[in-house]
1. For the chain, give the percent of accessible area contributed by carbon and sulfur heavy atoms, probe 1.4 Å, rounded to a whole number.
2. Run through every distinct alpha carbon pair of the range 108-238 and return the Kirkwood hydrodynamic radius in angstroms, one decimal place.
3. Which whole-number percent gives the relative contact order of the chain, counting Cα pairs below 8 Å spaced six or more residues apart?
4. Can you list the HN-Hα couplings for the range 296-301, worked out from phi with the Karplus curve (6.51, -1.76, 1.60; θ = phi - 60°), rounded to whole Hz and with x for Gly and Pro?
5. Starting from the residue with the highest accessible area, list T266, T300, T223 in decreasing order, probe 1.4 Å.
6. At a Förster radius of 22 Å, what calculated FRET efficiency corresponds to the Cβ-Cβ distance of Y158 and K263, to the nearest 0.05?
7. Could you go through the range 174-181 in sequence order and give the Karplus-derived ³J(HN,Hα) for each residue, using 6.51 cos²θ - 1.76 cosθ + 1.60 with θ = phi - 60°, rounded to whole Hz, and x for Gly and Pro?
8. How large is the charge dipole for the range 6-97, taken about the Cα centre, if only the Cβ atoms of Lys, Arg (+1) and Asp, Glu (-1) carry charge, to the nearest 20 debye?
Amino acid sequence: MKTGKKKKGFGFLKRLALIVNLLFAVALLFAYLGYFLSPEISFVPAIFGLAYPVLLIFNFIFLLFWVLKRKIYFLISLLAILAGVNFIGDYFQLSGNNKHWLHEEDAFKVLSFNVHNLTENNFKQISDKQNKIFQYVLSESPDIVCMQEFHSMGDNYYYPLINLKESLQARNYYFESYYNPYKKKIVGMVIFSKFNRIGKGILSHEATRNFGIYNDFVKGTDTFRVYNIHLESVYLNRSDYDLVTGKIERENIRKKSFRVLGKLKTAFEHRALQVEILQQEINACPYPVIICGDFNDPPTSYAYRKVSDGLKDAYR
């Protein structure tokens, strides 16, 4: 009788594990769908795309579990993983000594950095943080630097830009604010370069802030364009993060959840609009292009697909 109860109990746990496994496998497939489906049609797959690494890991766990149990159910997670195997390299790379390009005659170095306003605590200026960021950038000796969320304020709010240009020994810099500057404060995107600049431009959409700038450069006999892109942020505040950390009263969870989902939906949709404009710009550009920036979306996203179409991902 005891043996029978144990078998019956194990059968229930096995069925439960199978159901949970199926849910994680389906969720992983939904994450892939977000890569192809515009958030303007449905933003639900994009939500699953944010959880791709977690969903992938759980499917690997279930795969190993069923293999150890010698059950054919391992095919559920195996097939789900194989369906999006190309995405794995977008998240996990084994890096080796791949700096052979530094010895190539025509090589040059590009650095992209979201400097998070060079501040902390609601734009309170932290000179130590700014100095550390500038020292890091200088130590890398880049030929081109793209920064997002470059922030400065005060009577001489353009001085940090001029100071960094001189320290980098750059020939030029191009800065544009996300919005029109006000109250002696600027926040925006900037490109520093040691090459001659022959063109520049800004990318914007009437429904969003300015989200990109570009410069056309000449190096030797070659002309190329560098885009500095900062796609729409979600604009989560501290109270929104309380939903994740559990620091919120139970009766407010529903209200807060819908608020966060609303912010995510708006951000997904705005990024879809922005990348459509970016893709049109790239298609019309007569030069080779380099795209830097903060895309605010994972590699499984629709925005990433549109941005990377026809290009090579430096991370990969």
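1. Carbon with sulfur: 57 percent of the solvent-accessible area.
2. That comes to 15.4 Å for the range 108-238.
3. Details: 462 pairs, mean separation 55.4, N = 316.
With pairs under 8 Å counted, the relative contact order is 18 percent.
4. For the range 296-301, the Karplus curve yields 6, 8, x, x, 8, 9 Hz.
5. Working: T266 65, T300 0, T223 40 Å².
If we order T266, T300, T223 from most to least accessible, we get T266, T223, T300.
6. Numbers: r = 32 Å, r/R0 = 1.46.
Efficiency for this residue pair is about 0.10.
7. 9, 10, 9, 7, 5, 10, 5, x
8. 980 debye
The values are calculated or read from the model by the stated rules, or taken from the named source; none is laboratory data. Note that this is a predicted model, so its numbers are computed, not measured. Using ideal geometry, Cβ is built from the backbone for each residue, glycine included, and neighbour counts are taken over all protein chains shown. Remember, those area values only see protein heavy atoms, side chains included, never the ligands or the DNA or RNA. Shrake-Rupley method; radii C 1.70, N 1.55, O 1.52, S 1.80 Å.
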